[in-house]
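The values are calculated or read from the model by the stated rules, or taken from the named source; none is laboratory data. Computed from a prediction, not measured in an experiment: that's the story for all the values here. Every residue, glycine as well, gets a Cβ built from its backbone with ideal geometry; the counts of neighbours run over all protein chains shown.
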Amino acid sequence: MERLERLRQNIASVYMGNKSAVERLLVCLLARGHVLIEDVPGVGKTVLAHALARSIDCKFSRLQLTPDMLPADVLGVTVYSQETEQFVFKPGPIFSNILLADEINRTTPRTQSALLEAMNEGQVSIDGETRKLPPPFMVIATQNPFEFEGTYFLPENQLDRFLMRVNLGYPSPDDEARIITQQPSITTLQHLDPVMTREDVIELQERVNQVRLDESLIDYVIRIGVATRTHDQLQIGVSPRGTLALAQAARATALLHQRDYVVPDDIISNVLPVCSHRVIAKTYMHDGSPLTTSRIIQQVIETIPSPA
C-alpha cells in the first residue's frame with residue numbers, strides 16, 4: 001500500500017536501525033495499540049518515536065517522566081479563572097494523538113497508573129467527568145532495562161495494556177556508519193515532513209477490522225493462549241486481552257503486507273512481541289525476565305502446529 005510504504009520510508013530516513021522494529025511500530029499504529037520500546041540508552045528509542053510522530057500530520061506530545069512527576073502533569077488540572085470567575089480545565093499532554101512517554105519506568109507507579117484508563121478506553125476521568133481523547137490515540141513509551149539505577153517496575157496490569165514490547169538492539173556496522181556520517185537526530189529529523197494525515201490513519205485502522213481471520217487461525221491463536229496458561233514454567237499465561245491483541249496484530253500485519261486476509265506467518269511473527277511481556281515465569285522477577293519469558297514463548301510456538 002503506497003501510503004504505508006511512504007510512511008515506512010519516511011521513518012527509515014531518520015531511524016537507521018532495526019527494520020523489523022519499524023514494522024512493529026506500524027503494526028501497533030494500525031491495530032490501535034500502544035508500544036513499549038525497551039533497550040539500553042543510546043540505541044534510538046526516542047528518535048524512532050519522534051520519526052513516527054513527525055511523519056503523521058497530527059497532535060504530538062512528549063512527556064519526559066521523572067520521579068517527582070504527578071498524575072496531574074499527565075492528565076491536566078482544573079484551575080479557577082479570575083477573568084470568567086469559573087473553573088477551567090487545562091488539558092495535559094495526554095490529550096494528543098501520539099504521546100511519547102519517555103523513560104516511563106523512571107516515574108512512580110502512581111503516575112504510571114494515570115495512563116491506564118487512557119490506554120485501555122481512550123478516555124480519562126478527571127474531577128468526576130469523563131473526557132474523550134482525540135482519535136487516533138497511541139502511547140509510545142520508552143524505558144531502559146529495569147536493572148538500571150533509578151527505575152521503577154511497571155505493574156503487570158499496565159504492561160498488559162501495551163500491544164507490544166519491542167527491543168531495538170544495536171545497529172549493524174553499516175547502519176552505524178550512516179548514523180555517524182548523517183547524524184539524523186540533529187539534521188533530518190528536524191526537517192521531516194508528514195506523509196500521512198490523521199484521517200488517513202483512522203481510515204487504515206478501520207480497514208484492519210475488515211481483514212479476514214479464518215476460524216482455523218482463530219483456533220490457532222486460542223491454542224497458543226491456552227498453552228501459556230498450562231505451561232509448567234509459567235505462573236501466569238496470556239489473558240484473553242492478549243489473544244485479542246495477537247489477532248489484531250496479525251490483521252494489521254496482513255494489511256501492512258497488502259493482503260485482506262491473515263496467514264499463519266502473520267500470527268507467528270507477532271507472538272513474541274505481543275505475548276512475552278504478558279506472561280510471568282515461575283522464576284519470578286517482578287515483570288518476568290524478558291529473556292526467560294521469550295524463551296518459553298518460543299518453545300510454545302514450536303510445540304503448536306500452525307494451520308496449513
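See the values below:
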{"read-out": "Residue in segment 175-185 that is outside the structural domain of residue 275 (by TED's automatic domain parsing), farther than 30 Å from residue 109 by Cβ, modelled with pLDDT under 90 and exposed (fewer than 13 other Cβ atoms within 10 Å of the Cβ) present", "value": "yes"}
{"read-out": "Segment 236-260 - residue that is part of a helix (DSSP H, G or I) and of a type in the set (Ser, Thr, Tyr) and, of those, surrounded by the most Cβ atoms within 10 Å (Cβ to Cβ)", "value": "253"}
{"read-out": "Segment 12-63: number of residues that are more than 13 Å from the chain's Cα centre (by Cα) and assigned to a loop (DSSP other than H, G, I, E, B)", "value": "14"}
{"read-out": "Which numbered condition residue 96 misses (of (1) in contact with a Lys or Arg (Cβ under 6 Å, 6 or more places away or on another chain); (2) of a type in the set (Gly, Ala, Ser); (3) in a strand (DSSP E or B))", "value": "(3)"}
{"read-out": "Test: residue in segment 283-301 that is of a type in the set (D, E, K, R) and closer than 17 Å to residue 24 by Cα", "value": "no"}
{"read-out": "Residue 219 being under 30 Å from residue 264 (Cβ atoms), in the same structural domain as residue 300 (by TED's automatic domain parsing) and loosely packed, with under 12 Cβ neighbours inside 10 Å", "value": "yes"}
{"read-out": "Members of segment 123-142 found to be surrounded by 14 or more Cβ atoms within 10 Å (Cβ to Cβ) and either part of a strand (DSSP E or B) or at pLDDT below 90 (or both), listed by number", "value": "124, 126, 131, 138, 139, 140, 141, 142"}
{"read-out": "Members of segment 193-213 that are surrounded by fewer than 18 Cβ atoms within 10 Å (Cβ to Cβ) and closer than 17 Å to residue 12 by Cβ", "value": "193, 194"}
{"read-out": "Sole residue being within 21 Å of residue 154 (Cβ to Cβ) and either surrounded by fewer than 16 Cβ atoms within 10 Å (Cβ to Cβ) or in contact with a strand residue (DSSP E or B) (Cβ under 7 Å, 6 or more places away or on another chain) (or both), chosen from 293, 230", "value": "293"}
